[in-house]
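Accompanying notes for the structure given below.
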Amino acid sequence: MRLGLVGYGVGGRYFHAPFVAAAEGVELAGVVTRSLARRDELAAELPGVPVYDSLTEMLAAGVDAVTITTPPHTRRALVLEAIAAGVPTIADKPFAPDAEGGRELVAAAAEAGVPLNVFHNRRWDADIQTLAAVLESAELGELWGVESRMDQANAATLEIGPDAGLLRDLGSHLVDQMLWLLGPARTVYAELDHVEPTGGRTDCRFNLSLTHDDGVHSRVSASKINYLEDRELRAYGSGGSYVAHGTDVQAQAVFAGRRPVDEGDKWGYDAPGHWGTLHTAAGSRQVPSERGAYQDYYTRFAAALRGDGDFPVPAEQAVHTLEVLDAARLSAAENRVVELPPD
């Protein structure tokens, strides 16, 4: 699969290109960026990869699929252009400003007969993959609830403005993880904290409580300006509990200059000091880290295009994530539980 990458900022450079290179059956066929600085970085890091001024130019050169990883306010037009050209498309998250916008893109893709997926890559985090394995083992008995917290001491990366904020950014990932693990949500209650820098009032911390279709509860929270770096997962059931204080293994590695294509099967494991602990009547034991591998997203996408298996994150699934985020904003604004309509 010859993939074109639209955008070579932090997302394209660190969270897409390195994992495209490590995916099976995928070749990076070109990058769209007009920034001279980004072009210099691309030439140094990926010599020989063609660079284009626009998506239109890259589509004319020919690619099998594209990933749109430009800033959120530019994504709609680019996704629609790729769909209109009949090219399978991956959109970075959030792939639309709200659920209505997401449904518009899903409808356009369906009418054109073009696969549209969303890059919810954090389903392939090591700690989430490990939690998924714990839940599948049924050692917790009847599952009652899951809690997820990710605090980041990185105020400089908070996207400012009423249409930005931490909920749309990191919240997209944390909510999607819970929906992937536990199924669709039916009620949402949210608390949002805000700052008001130049650029407009912006949410900088959130705390969401979800009730899922089968009655299981989940809670997700995050902050970005509180000088705290911590990641915690908890799960409770009739048979015990599971607690993990993991690290953002893959992000830390790529920012440190490491690449999955160089490390092969050794890539993406949390260190033993960060393994979670399962507590049951039989006692407590550490649970070894499962492998986190964002490249698996691209491997699965390429395989699905060949007719082998399902697409990793169809846009219809990502619309439900947007519905939860919309409900969270409404809940926080009106201080009430918001019910989501059934499918």
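Before moving on, here are some points about what is shown:
- Verdict on ASP296 being in a helix (DSSP H, G or I), over 24 Å from GLU159 (Cβ atoms) and in contact (Cβ under 8 Å) with a residue 12 or more places away in the chain: yes
- Selected residue [charged (D, E, K, R) and farther than 24 Å from ALA190 by Cα] from ASP343, ASP326, ASP296: ASP296
- When residues of region 172-193 are limited to those that are open to solvent by less than 10 Å² (accessible area, probe 1.4 Å) and within 17 Å of the chain's Cα centre (by Cα), the one nearest to PRO71 (Cα to Cα): SER172
- Top-ranked residue in region 89-103 [being buried (at least 23 other Cβ atoms within 10 Å of the Cβ) and of a type outside the set (Lys, Arg); ranked as farthest from LEU170 (Cα to Cα)]: THR89
- Those residues of region 97-125 which are outside any helix (DSSP H, G or I) and either out of contact with any Asp or Glu (no Cβ under 7 Å at 6 or more places or on another chain) or acidic (Asp, Glu) (or both), in sequence order: ASP98, GLY113, VAL114, PRO115, LEU116, ASN117, VAL118, ASP125
- All positions within region 27-48 that are of a type in the set (A, V, I, L, M) and buried (at least 17 other Cβ atoms within 10 Å of the Cβ): LEU28, ALA29, VAL31, VAL32, LEU42, LEU46
- With respect to (1) open to solvent by less than 10 Å² (accessible area, probe 1.4 Å); (2) assigned to a loop (DSSP other than H, G, I, E, B); (3) β-branched (Val, Ile, Thr), the lone exception for ILE160 is condition (1).
- Pairs are defined by a Cβ separation below 7 Å, a sequence spacing of at least 6 or placement on different chains, a first member in region 61-81 that is free of Cβ contacts under 8 Å to residues at least 12 places away in the same chain and more than 21 Å from ALA107 (Cβ to Cβ), and a second member that is open to solvent by less than 50 Å² (accessible area, probe 1.4 Å) and β-branched (Val, Ile, Thr); no pair meets this definition.
- Exclusive hit being under 26 Å from VAL249 (Cα atoms), surrounded by 23 or more Cβ atoms within 10 Å (Cβ to Cβ) and either within 15 Å of the chain's Cα centre (by Cα) or among the acidic types (Asp, Glu) (or both), set ASP151, ASP127, ASP169: ASP127
- Residue list for region 126-151, filter: in a loop (DSSP other than H, G, I, E, B) and more than 23 Å from THR211 (Cβ to Cβ): GLU139
- Among (1) in a helix (DSSP H, G or I); (2) exposed (fewer than 14 other Cβ atoms within 10 Å of the Cβ) - the single one GLU24 does not satisfy: (1)
- Within region 218-248, the set of residues being at pLDDT below 95 and at negative phi comprises LYS224, ILE225, ASN226, LEU228, GLU229, ASP230, GLY246, THR247, ASP248.
- Evaluation of THR70 against (1) assigned to a loop (DSSP other than H, G, I, E, B); (2) surrounded by fewer than 18 Cβ atoms within 10 Å (Cβ to Cβ) (one fails), failing number: (2)
- Boolean, GLY276 is at pLDDT 95 or above and more than 21 Å from the chain's Cα centre (by Cα): yes
- Those residues of region 90-118 which are closer than 17 Å to PRO71 by Cα and of a type in the set (Gly, Ala, Ser), in sequence order: ALA91, ALA96, GLY101, GLY102
- Single match in ARG291, ARG306 (criterion: surrounded by 13 or more Cβ atoms within 10 Å (Cβ to Cβ), under 30 Å from ASP64 (Cβ atoms) and modelled with pLDDT of 95 or more): ARG291
- The criterion of at least 2 residues that are open to solvent by 40 Å² or more (accessible area, probe 1.4 Å) and touching a residue at least 60 places away in the same chain (Cβ under 8 Å) is met, among strands (runs of 3 or more DSSP E) falling completely within region 194-276, by 217-223, 230-237.
The values are calculated or read from the model by the stated rules, or taken from the named source; none is laboratory data. Everything numeric here is computed off the predicted structure, so don't read it as measured data. Cβ atoms come from the backbone with ideal geometry, glycine included; neighbour counts cover every protein chain shown. These accessible areas exclude ligands, DNA and RNA; they are computed on the full protein's heavy atoms, side chains included. Shrake-Rupley method; radii C 1.70, N 1.55, O 1.52, S 1.80 Å.
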